[in-house]
Amino acid sequence: MKKFTYLFFMIISIVMASCHYNTIEFETPDIDPDQVIRFKTDIEPIFETQNCTSCHNGAITFSLSAGKAYQSIIGEQLIDPADPEASLLLTVPGHDSHQPYTYTPHEKALIQQWIEQGGQNN
């Protein structure tokens, strides 16, 4: 049993270490503050286009796949409507230099505005 537990944690550590991000500072583009940002049509597709789902597919980590992303984001507490800029959904992509996963300025602005609007499953 000890060998299995050790092997299990070793595999999880390797898989978790394989997801890396880069930090890129950029200006946020203007988005109409009255525009309602919809999770299903504006936010969820970002995870596929940015290849977030290659690691975050639910196999080992939480899922950002279509239809599962919202529950994972809420369950993992990746957004903070009280402090949108500190939300992990905004701050984690881009935190390591081994993989260049980042949002475009427009995508980041959409995600931030969606969080500011309460992060609804709309």
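The values are calculated or read from the model by the stated rules, or taken from the named source; none is laboratory data. The structure displayed is predicted, hence computed values, not measured ones. No Cβ is skipped: glycine too gets one built from the backbone with ideal geometry, and neighbour counts run over all protein chains shown.
A few comments on the model shown:
- Remark: residue 96 falls outside the filter, which requires a residue to be part of a loop (DSSP other than H, G, I, E, B), farther than 18 Å from residue 41 by Cα, at pLDDT 90 or above and not aliphatic (A, V, I, L, M).
- You will find that of 73, 79, 60, 111, the residue that is among the β-branched types (Val, Ile, Thr), out of contact with any Asp or Glu (no Cβ under 7 Å at 6 or more places or on another chain) and surrounded by fewer than 18 Cβ atoms within 10 Å (Cβ to Cβ) is 60 and no other.
- Within this structure, residue 46 fails the test of being assigned to a helix (DSSP H, G or I), free of Cβ contacts under 8 Å to residues at least 60 places away in the same chain and surrounded by 13 or more Cβ atoms within 10 Å (Cβ to Cβ).
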